[in-house]
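> Structure incoming, see below.
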Amino acid sequence: MRTYWSRLAANLEPYVPGEQPKDRTYIKLNTNENPYPPSPKVIEAIRAAANSDLKRYPDPNGDALRNTIAAYYGLQSDQVFLGNGSDEILAFSFSAFFDPDPDRPILFPDISYSFYPVYAHLYQIPYRCVPLHEDFSLPIEAFFQKNGGVILPNPNAPTGNAVSLSVIEEILRHNPEQTVIIDEAYIDFGGVSAVPLISRYPNLLIVHTLSKSRSLAGLRVGFALGHAGLIQGLNTIKNSFNSYTLDRLALVGAEAAIKDHAYFQATKNKIMRTRAHVVSELEGMGFYVIPSQANFVFISHPARPAEEIFTQLKERAVLVRYFKKPRIDNFLRVSIGSDEEMSSFLQALAAIIA
Ligand SMILES: *Cc1c(COP(=O)(O)O)cnc(C)c1O
């Protein structure tokens, strides 16, 4: 039967998000959500904003939130762009900064966030995947070849390993003509942010999200930081698409989250402590654990296939993420939950391995 779809739509292979099951209660360690609730100040702010003002459109530029984020990072507000989740900002970035030039493919790692190739297809941007080393570390020189732009998560997903600021700077120095996007979705869990490089590299765009370290996956707020010229490019795309990407509740909730320093520090430190404990337990059980600076660990067992462990964990109501893809099909990505969730996970795992 005819679908009536465009040729573009007919040929797209969309991203598949981690499942959000409704059939039973799982210990949910499959989408890198934060186990802790958002700051109580976020809930307060959203409650206060749930009033008759909702009949009015929100501020299309989100000035109050942009000012708050700019102050937090020591930047100007024209160096901040807001999006409906950082995924939206990444999509806008492909459109704003990359060209469909067959001689200059954009570069990203072969093992990386699986949304990048999806956006490349949507915007018809040619790309080349840079193979990571055997241990999933980054081959820096591969990013010095001719290209139309670079996009890189730091820490990487789904491996969790991070590169130093000097590596990011080397990549920037070798790509002065292109936009280099660093996706810092997990930076708050121990990596070193490239924000201090913004003043020296007008081609550096840094993308952050409130979904992970701020416990706000359900609110859909992300932001980009960079030279005002890049931010203008993003605004041009956004205003050619949807003027009001963030609603009134998201704007005030996000602002309250950024302002609650104490809560943010306490929850992210808690997750990092839990991660350290989980890593040592996993290693004690014989797992290979990639060093993680993120709120998840990427693990493999020498004797038991990852897919089998995944299925058996699911039967025990523990949900982790398994990617049936070359090079990583014997790994599991496990989000760091609360101490209670992680001890249930470790118990289930021990029973499976035994
Ligand atoms: C979770 C994640 C995002 C998306 O975050 P949202 O703000 O929820 O859209 C972007 N990049 C990476 C690498 C992620 O893991």
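Where a number appears in this text, it was derived from the coordinates with a stated rule and is not lab data. Since the structure is predicted, the reported quantities are computational estimates derived from the model, not experimental observations. Neighbour counts are summed over all protein chains in view; Cβ atoms, including those assigned to glycine, are modelled from backbone coordinates with ideal geometry.
> Which residue fluctuates the most in the chain, going by a Gaussian network model with Cα springs under 10 Å, if the choices are ASN295, ASN239, ASN11?
With Cα springs under 10 Å in the chain, the top fluctuation among ASN295, ASN239, ASN11 is at ASN11.
> Determine the dipole magnitude for region 40-260: charges of +1 sit on the beta-carbon of Lys and Arg, -1 on that of Asp and Glu, nothing else is charged, the reference point is the Cα centre, and the result goes in debye to the nearest 20.
Computed about the Cα centre, the dipole is about 620 debye.
> So which lysines can LYS146 reach, going by Cα to Cα under 24 Å and dropping same-chain residues fewer than 8 places off?
LYS146 reaches no qualifying lysines.
> Suppose each label sits 7 Å from its Cα in the direction of the beta carbon; what would the MET272-GLU315 distance come out to in nanometres?
A separation of 3.9 nm, rounded to one decimal place.
> What longest range of the chain stays clear of loop-exposed GluC sites (Glu not before Pro) (DSSP non-H/G/I/E/B, at most 14 other C-beta within 10 angstrom)?
178-354
> Kindly state, to the nearest 0.05, the FRET efficiency for ARG2 paired with ALA228, given R0 = 45 Å and r defined as their beta-carbon distance.
Plugging the Cβ-Cβ distance into 1/(1 + (r/R0)^6) gives 0.45.
> Taking a ≥ b ≥ c as the square roots of the eigenvalues of the Cα gyration tensor of region 114-241, is the shape rounded (a/c under 1.5), prolate (a/b larger than b/c) or oblate?
Verdict is rounded for region 114-241.
> Checking the table LYS28/LYS212; LYS28/LYS325; LYS22/LYS268; LYS41/LYS212; LYS28/LYS270; LYS212/LYS324 against a 20 Å threshold on Cα-Cα, which pairs fail?
Distance filter (> 20 Å) returns LYS28/LYS325; LYS22/LYS268; LYS212/LYS324.
> Right, here's the next one. Can you give the charge dipole size of region 111-241 about its Cα centre, rounded to the nearest 20 debye, using +1 on the beta carbon of Lys and Arg and -1 on the beta carbon of Asp and Glu?
Roughly 460 debye, rounded to the nearest 20.
> Among the complete DSSP H segments of the chain, which ones combine at least 18 Å of alpha-carbon extent along their axis with a mean Kyte-Doolittle hydropathy of 0.0 or more?
Helices meeting the span and hydropathy rule in the chain are 339-353.
> Through the Karplus equation 6.51 cos²θ - 1.76 cosθ + 1.60, θ set to phi - 60°, convert the phi angles of region 196-208 into ³J(HN,Hα) values in whole Hz; use x for Gly and Pro.
x, 7, 4, 5, 9, 10, x, 9, 9, 10, 10, 10, 10
> What is the magnitude of the charge dipole of region 1-82 about its Cα centre, with +1 placed on the Cβ of each Lys and Arg, -1 on the Cβ of each Asp and Glu, and no other charges, expressed in debye to the nearest 20?
Charge dipole, region 1-82, about its Cα centre: 300 debye, nearest 20.
> I've got another one for you. Using only Cα atoms, locate the centre of region 27-53 and the centre of region 150-169, then give the distance between them in Å, rounded to an integer.
Cα centres, region 27-53 to region 150-169: 28 Å.
> In terms of Cα to Cα distance under 19 Å, which lysines are near enough to LYS238, apart from those fewer than 8 places away along the same chain?
The reachable lysines, counting only those whose Cα sits under 19 Å from LYS238, number zero.
> Mean-square fluctuation check for the chain, GNM, Cα pairs under 10 Å: which of PRO326, PRO158, PRO38 is largest?
Per the Cα network of the chain with a 10 Å cutoff, PRO326 tops the list.
> Something else about it: Once phi is turned into θ = phi - 60°, what whole-Hz ³J(HN,Hα) does the Karplus curve with 6.51, -1.76 and 1.60 give for every residue of region 217-226, x standing for Gly and Pro?
4, x, 8, 6, 9, x, 8, 10, 10, x
> Right, another one. Under a plain spin-label model, where a point goes 7 Å from the Cα along Cα-to-Cβ, how far apart in nm are ASP135 and ARG304?
Roughly 2.6 nm, to one decimal.
> If I model the chain as equal point scatterers sitting on the Cα atoms and use the Debye formula, what is log10 I(q)/I(0) at q = 0.09, 0.10, 0.11 Å⁻¹?
The Cα Debye sum returns log10 ratios of -0.51, -0.64, -0.78.
> Pairs of alpha-carbon atoms within less than 8 angstrom and 6+ residues apart define the contacts here; what relative contact order does region 40-260 have, in percent?
Taking the mean separation of contacting Cα pairs over the length of region 40-260, I get 30 percent.
> In the Gaussian network model of the chain, springs joining C-alpha atoms below 10 Å, which of ASP183, ASP99, ASP23 carries the largest mean-square fluctuation?
Per the Cα network of the chain with a 10 Å cutoff, ASP23 tops the list.
> A follow-up question, please. For region 218-354, just list the percent of Cα-Cα distances falling in each 5 Å bin from zero outward, please.
2, 8, 14, 16, 13, 10, 11, 12, 8, 5, 1, 0
> Rank ILE46, VAL297, PRO60 by how far each Cα sits towards the positive end of the charge dipole of the chain (+1 on Lys, Arg Cβ; -1 on Asp, Glu Cβ) and give me just the farthest.
Among ILE46, VAL297, PRO60, the one farthest towards the positive end of the dipole of the chain is ILE46.
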